[in-house]
Amino acid sequence: MTLKKKLLLSGVLVAIAASGAGYYFKYVKDTGVVTVETGKVVRQDLTQSVSSNGEIKPKKSVNISSNAMGRIVTMPVREGDHVREGTLLIRLESIQTEADVKSAEAMLDAAQSETEGMAAQLRSAEAAIVSAKADIKRAEAEMNRTKQTFDRNQKLLKDGLISPDQFERFNSDYDVAVISLNAANARLLQSEAQAAQVKNQGEQSLIRIAQQRASLVRAKDSLSKTTITSPLEGIITYLPVNEGEIAIIGMQNQPGTVLMTIADLSVITAEVRVDETDIVNVRIGQEAKIKVDALGDKALLGHVSEVGNSALNKSGTAAGNNNGAQEAKDFKVVITLDDPPKELRPGLSCTATIITATAKQVLSIPIQALTIREFDNPDKTIKKKIEKEGVFTIKNGIALFHPVKTGITGTTDIEILEGLTTEDEIISGPYQVLRSIKENDKVKVEKPAENAEKKS
């Protein structure tokens, strides 16, 4: 909290109290003496805190919605039920999706059967290739034999040892062997072509199997979306739908139907919004006291578990979306309750007081005694005056200004680090006097009896 804000707050409180009680002060014009109230610099324990409003929230909660559109046919849970992870929450109508699964399974079976048939044909074609290669070897051997016989008898024919008719028979045998070899080569080419064709068909069949498997996965995924189970263990805190209603899925900017909300109530938090002037004092791990409106004056204990880094405007929008308007900002702070009672429910309004600092037996004064005065700048070239935070003390009936250095701020008192001692008598009021009193003004201390008489 800034100094000016502290002083303004204390001044307003004092002014309201003075107005309600009929309090007044007087300036004695004939003597030039100001009537004041005084106080002492005392040692005491101080606790600095930040208060803010918010609401109770579970540490973990999830809105259950559907990834498939359909009619709710089964919903075995009710609001307030405790569910475990994997518990059946809702089952949607699944006639079409079940049929899609069966169809995809049948088509996958057909594709696999076709692939098995192609594999058998490929084995037959490969066997035919082996047989054709064996035929070629036999035909080549036969051709070599008949060629040798042909060559030998051709020489005998030239020597006149055999007749032309005999030679013609050997020539015919050789021609038949050549034709047989060519036929064997042709059968090999045919078998290889058939094998290549079957292999290509087999590859296409494998592709169809992959496609059918993908279709089956898609169909099963669609079927699984008709059964909604709990993603966590918790309590059903919101259940707006009934059996027979239609679950709608979200599309683009259109949100889908929220079927229910499940909250893990084992860890309860208070989510509050802290002003930007106070957030710098808030740290993770600091203690906090939470009062829930529904629980009356009962105080719950907790500790700060999360401090937001991004500011939010008072209107709740992001700080960067205020179109240049200068608006005070808040920061989200999450407080985890140490021992939350069972009757707590998400959404309950609460007020959190976060203890940001403590100090034992430190010098302190009432906040309203602190004031600000302007002084000439020591650097004469600078005309702008400087502000000093300080307190007026009394010495021999004269008001003297003492600059002070302050520490933490309690509910009604503020710590003094430098500038005062317990021997000093300080001017603590009234508020109007502290606003106008000057250095070396003559002052008169108002006695308690006089004050009581005025109040009566």
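The values are calculated or read from the model by the stated rules, or taken from the named source; none is laboratory data. Note that the structure is a prediction, hence the values are computed from the model and not measured. In this analysis, Cβ positions are derived from the backbone assuming ideal geometry, glycine residues included, and neighbour counts consider all displayed protein chains.
Among the residues of region 393-418, those that are over 25 Å from ASN281 (Cα atoms), without any contact (Cβ under 8 Å) to a residue 60 or more places away in the chain and surrounded by 12 or more Cβ atoms within 10 Å (Cβ to Cβ) comprise THR393, ILE398, LEU400, PHE401, HIS402. The listed residues are VAL50, VAL14, VAL34, VAL83, and the only one of them that is touching a helix residue (DSSP H, G or I) at 6+ places or on another chain (Cβ under 8 Å), of a type in the set (Val, Ile, Thr), surrounded by 15 or more Cβ atoms within 10 Å (Cβ to Cβ) and at pLDDT 90 or above turns out to be VAL50. Scanning region 214-245 for residues that are in contact with a helix residue (DSSP H, G or I) (Cβ under 8 Å, 6 or more places away or on another chain), of a type in the set (S, T, N, Q) and farther than 15 Å from GLY70 by Cα gives a single hit, SER215.
Against the condition in a helix (DSSP H, G or I), of a type in the set (D, E, K, R), closer than 26 Å to ALA184 by Cα and touching a Phe, Trp or Tyr at 6+ places or on another chain (Cβ under 7 Å), how does LYS137 come out, does it pass?
Working: in a helix (DSSP H, G or I): yes; of a type in the set (D, E, K, R): yes; closer than 26 Å to ALA184 by Cα: yes; touching a Phe, Trp or Tyr at 6+ places or on another chain (Cβ under 7 Å): no.
Spelling it out, it is not the case that LYS137 is in a helix (DSSP H, G or I), of a type in the set (D, E, K, R), closer than 26 Å to ALA184 by Cα and touching a Phe, Trp or Tyr at 6+ places or on another chain (Cβ under 7 Å).
The number of residues in region 152-175 being touching a Phe, Trp or Tyr at 6+ places or on another chain (Cβ under 9 Å) and either farther than 26 Å from ALA186 by Cβ or basic (Lys, Arg) (or both) comes to 7.
Residue-wise test of (1) modelled with pLDDT of 90 or more; (2) crowded, with 19+ Cβ neighbours inside 10 Å; (3) part of a strand (DSSP E or B); (4) not charged (D, E, K, R).
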residue	(1), (2), (3), (4)
THR237	no, no, yes, yes
THR269	yes, yes, yes, yes
THR277	no, no, no, yes
GLU306	yes, no, yes, no
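Got at least one residue in region 211-224 being in contact with a Phe, Trp or Tyr (Cβ under 8 Å, 6 or more places away or on another chain) and among the basic types (Lys, Arg)? Walk me through how you get there before you give the answer.
If we filter region 211-224 for residues that are in contact with a Phe, Trp or Tyr (Cβ under 8 Å, 6 or more places away or on another chain), which is where we start, we get none.
No, region 211-224 has no match at all.
Taking the residues in region 129-181 that are over 30 Å from ALA195 (Cβ atoms) and among the hydrophobic types (A, V, I, L, M, F, W, C) as candidates, determine which candidate is surrounded by the most Cβ atoms within 10 Å (Cβ to Cβ). Looking at the filtered set, the residue picked out is PHE170.
Across region 396-421, which residue is farthest from GLN368 (Cα to Cα) among those that are of a type in the set (A, V, I, L, M) and more than 41 Å from the chain's Cα centre (by Cα)? Write out each step before concluding.
Taking region 396-421 as the starting set, the residues that turn out to be of a type in the set (A, V, I, L, M) are 398-400, 404, 408, 414, 416-417, 420.
Subset that is more than 41 Å from the chain's Cα centre (by Cα): 398-400, 404, 416-417, 420.
Details: ILE398: 20, ALA399: 16, LEU400: 17, VAL404: 14, ILE416: 13, LEU417: 17, LEU420: 16 Å.
Filtering region 396-421 for residues that are of a type in the set (A, V, I, L, M) and more than 41 Å from the chain's Cα centre (by Cα), the one farthest from GLN368 (Cα to Cα) comes out as ILE398.
Does THR317 satisfy being among the polar types (S, T, N, Q) and at pLDDT 65 or above? Don't jump to the end; show me each part of the working.
Details: among the polar types (S, T, N, Q): yes; at pLDDT 65 or above: no.
Against the criterion (among the polar types (S, T, N, Q) and at pLDDT 65 or above), THR317 does not qualify.
Among the residues of region 188-221, those that are surrounded by 13 or more Cβ atoms within 10 Å (Cβ to Cβ), hydrophobic (A, V, I, L, M, F, W, C) and over 37 Å from the mean Cα position of the chain (by Cα) comprise LEU188, ALA195, VAL198, LEU206, ILE209. Within region 353-368, can one find any residue that is in contact with a helix residue (DSSP H, G or I) (Cβ under 6 Å, 6 or more places away or on another chain), touching a residue at least 40 places away in the same chain (Cβ under 8 Å) and either of a type in the set (A, V, I, L, M, F, W, C) or closer than 30 Å to VAL292 by Cβ (or both)? Within region 353-368, one or more residues are in contact with a helix residue (DSSP H, G or I) (Cβ under 6 Å, 6 or more places away or on another chain), touching a residue at least 40 places away in the same chain (Cβ under 8 Å) and either of a type in the set (A, V, I, L, M, F, W, C) or closer than 30 Å to VAL292 by Cβ (or both).
Mind listing whichever residues of region 320-338 are modelled with pLDDT under 90 and outside any strand (DSSP E or B)? Steps first, please.
Of the residues in region 320-338, the ones modelled with pLDDT under 90 are 320-330.
Of everything in region 320-338, those that are modelled with pLDDT under 90 and outside any strand (DSSP E or B) turn out to be GLY320, ASN321, ASN322, ASN323, GLY324, ALA325, GLN326, GLU327, ALA328.
On the basis of being modelled with pLDDT of 50 or more, of a type in the set (Gly, Ala, Ser) and surrounded by fewer than 16 Cβ atoms within 10 Å (Cβ to Cβ), does GLY22 make the cut? Here the answer is no, as GLY22 does not meet what is asked.
The single condition from (1) crowded, with 20+ Cβ neighbours inside 10 Å; (2) assigned to a strand (DSSP E or B) that ALA359 fails is (1). Reported count of residues in region 99-131, each being of a type outside the set (Gly, Ala, Ser) and either under 15 Å from ARG208 (Cα atoms) or not in a helix (DSSP H, G or I) (or both), is 9.
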